[in-house]
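Participant: Got a structure for you, written out below as C-alpha cells; questions coming shortly.
The values are calculated or read from the model by the stated rules, or taken from the named source; none is laboratory data. Everything numeric here is computed off the predicted structure, so don't read it as measured data. Cβ sites come from the backbone with ideal geometry, for glycine too, and all protein chains shown count toward neighbours. Ligands, DNA and RNA are stripped out before the accessible areas are found, and what is left, the full protein with its side chains, is counted by its heavy atoms. Shrake-Rupley method; radii C 1.70, N 1.55, O 1.52, S 1.80 Å.
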Amino acid sequence: MTPPLNRRDFLAQATAASAVLTASGSAFAAGAVRAKRELPAGPTAKVALGKSGVQVSLVGMGTGSVGSGQSSKQTKLGVKGFTKVVRHALDHGVNFFDVADQYGSHVYLREALKGVPRDQYVIQTKTHATDAITTRDHLDRYRMELGVDYIDIVLLHCMTKDGWTAEHQGAMEYLMQAKQEKLIRAHGTSNHGMDPLRHSSKTPFVEVNLARINPQGLIMDDKKPDEVASVLEEMHNAGKGVIGMKILGEGRITTPEGKDESLRFVLGLGSVDSFIIGFENTDQVDDILKRTTDAIAFLKA
C-alpha cells in the first residue's frame, strides 16, 4: 500500500504538476498550491455560493447515491433511518441537503426536517423539465412534497449537451420568474460532460452549478480532473456558486488515504464552495466531518 503523503510531499507534487498543467491552462495543481487561502474555518462553516446570496455548510448531504427513486441508498434506509442520518448531520452543523424528484427523496427530507425552523436548513433540488409550464408544475409539487413555501436552489438536472440553453429556454425563464416571486432563491445546473459544463460557465442563468470532481476522475464522463478544475475556476471567478459532488467517486474511493487525498484535492482548488456526500449512516457523517477538519488543517499548515 502506498504510504500517505505528508504536507511537504503533497505540495511538492502539486507544484511539480502545476508546472506541467499551467501551460495548458489547467487549474488542477494551481488550486492545491494556493491552499492557504479561501479555506473555511471548518467542515460546517457557512460559505457563500458565489454571488447567489445563498450560504450553506461546507459539507452537505446528498440523497441520490447510486440510482434513483427507491433504489437510492438514502431512501432505502426508510423514513426512520433517513431521518436519523439527517438529524445527526443537522445536529453536527450540516445544514445543506441535496435532493431531487428523480431520487424520490423529497418526502423523506420533509419528514426528517419536521419541526426544524425553516431558516436552519438549505434545500437544493432539481428538475428535468424543459418548458415553463412543466417547470411551474414541478416547482408547485416539489414545494408540497418538501413541505416548504420556498426552495433555496433549483437546478436544471443533468445537462448533457453543449448549448443546452436552447432546449431549456422555457424552464430557465420560469425559474427566473420564480426567483422574482421568492419561490426560489437561486437557480442553475448540474452537468454531465465537459461541453455542457463549459456552456454553464458562460451562461448568466447559472448562479449555482453542481459538478463532479475528484482527483481520480471516477464517475466523471470526461475523466479529466484538471480540465474540470479549470472550468470550475472560471465559474468561481465569474461569481457562480460551485458545489462539488462525487468527491469520493460515489463510494468507490474507500481507503482512508484515498478519502484524505480527495478532500485535500477538492479543498485545495479554492474554487469549490461546498460539496455534498451521500451519507448512509451516522458514522459516515462523523468520519467525513473529521477528515474534512483534518484536511483543512493540513492545507493551512
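Participant: Report, ordered by chain and residue number, the aspartates and glutamates lying within cross-link reach of LYS84, taken as a straight Cα distance under 14 Å and ignoring same-chain residues fewer than 8 apart.
Facilitator: Within the straight-line cut-off, LYS84 pairs with GLU111, GLU280, ASP283, ASP286.
Participant: Excluding PRO256 itself, what net charge comes from residues whose Cβ is under 13 Å from its Cβ, given Lys and Arg +1 and Asp and Glu -1?
Facilitator: Net local charge, PRO256 excluded: -1.
Participant: Still on this structure, I have one more. Quick check: net charge around LEU218, other residues with Cβ under 10 Å of its Cβ, Lys/Arg +1 and Asp/Glu -1?
Facilitator: +3
Participant: Go ahead and run the numbers for FRET between ASP162 and THR254, Cβ-Cβ distance against an R0 of 30 Å, rounding to 0.05.
Facilitator: Once the sixth-power term is evaluated, E becomes 0.35.
Participant: Over what distance in Å are the Cα centres of region 189-235 and region 241-301 separated?
Facilitator: That distance is 18 Å.
Participant: Could you sort out which of LYS73/LYS114; LYS76/LYS182; LYS161/LYS259 sit more than 26 Å apart by Cα distance in this structure? Don't skip to the end; give the middle numbers.
Facilitator: Numbers: LYS73/LYS114 21 Å; LYS76/LYS182 33 Å; LYS161/LYS259 31 Å.
The pairs that break the limit, which is 26 Å between Cα atoms, are LYS76/LYS182; LYS161/LYS259.
Participant: In Å, what Kirkwood hydrodynamic radius results for region 45-121 from the alpha-carbon pair distances?
Facilitator: 12.8
Participant: Determine the calculated [θ] at 222 nm for the chain from helices alone, applying -39500 (n - 2.57) to every DSSP H run no shorter than 4 residues and normalising by the residue count; nearest 500 deg cm²/dmol.
Facilitator: -13000 deg cm²/dmol
Participant: Roughly how many Å² is the accessible area per residue of region 46-300, as a whole number, for a 1.4 Å probe?
Facilitator: Accessible area per residue: 38 Å².
Participant: Find the percent of Cα-Cα distances in the chain that exceed 32 Å, and round it to a whole number.
Facilitator: Percent of Cα pairs beyond 32 Å in the chain: 21.
Participant: Further, regarding this structure: Whenever you get a sec, compute what percent of the accessible area on the chain sits on carbon and sulfur atoms (1.4 Å probe).
Facilitator: C and S atoms contribute 51 percent here.
Participant: Can you give the Rg and Dmax of region 139-178 based on its C-alpha atoms, in angstrom?
Facilitator: 11.9, 35
Participant: What list of ³J(HN,Hα) values in whole Hz, one per residue of region 249-261 in order, does the Karplus curve 6.51 cos²θ - 1.76 cosθ + 1.60 (θ = phi - 60°) give from phi, with Gly and Pro shown as x?
Facilitator: x, 6, x, 7, 8, 10, 6, x, 5, x, 4, 5, 4
Participant: Right, here's the next one. So if each residue of separation counts as 0.36 nm, and I subtract the Cα-Cα distance between VAL66 and VAL79, what length gain in nm does that give?
Facilitator: Details: separation 13, 0.36 × 13 = 4.68 nm, distance 1.81 nm.
Net length gain for the segment: 2.9 nm.
Participant: Residue by residue through region 148-158, what is 3J(HN,Hα) from phi via Karplus (6.51 cos²θ - 1.76 cosθ + 1.60, θ = phi - 60°)? Round to whole Hz and write x for glycine and proline.
Facilitator: Each residue's phi maps through the Karplus curve to give 10, 7, 9, 10, 5, 9, 10, 10, 6, 8, 6 Hz.
Participant: Related question: Evaluate the charge dipole of region 46-300 about its Cα centre and quote only its size in Debye, nearest 20, assuming +1 on the Cβ of each Lys and Arg and -1 on the Cβ of each Asp and Glu.
Facilitator: 440
Participant: Tell me the Rg and the Dmax, in Å, that the Cα atoms of region 129-275 produce.
Facilitator: 15.9, 48
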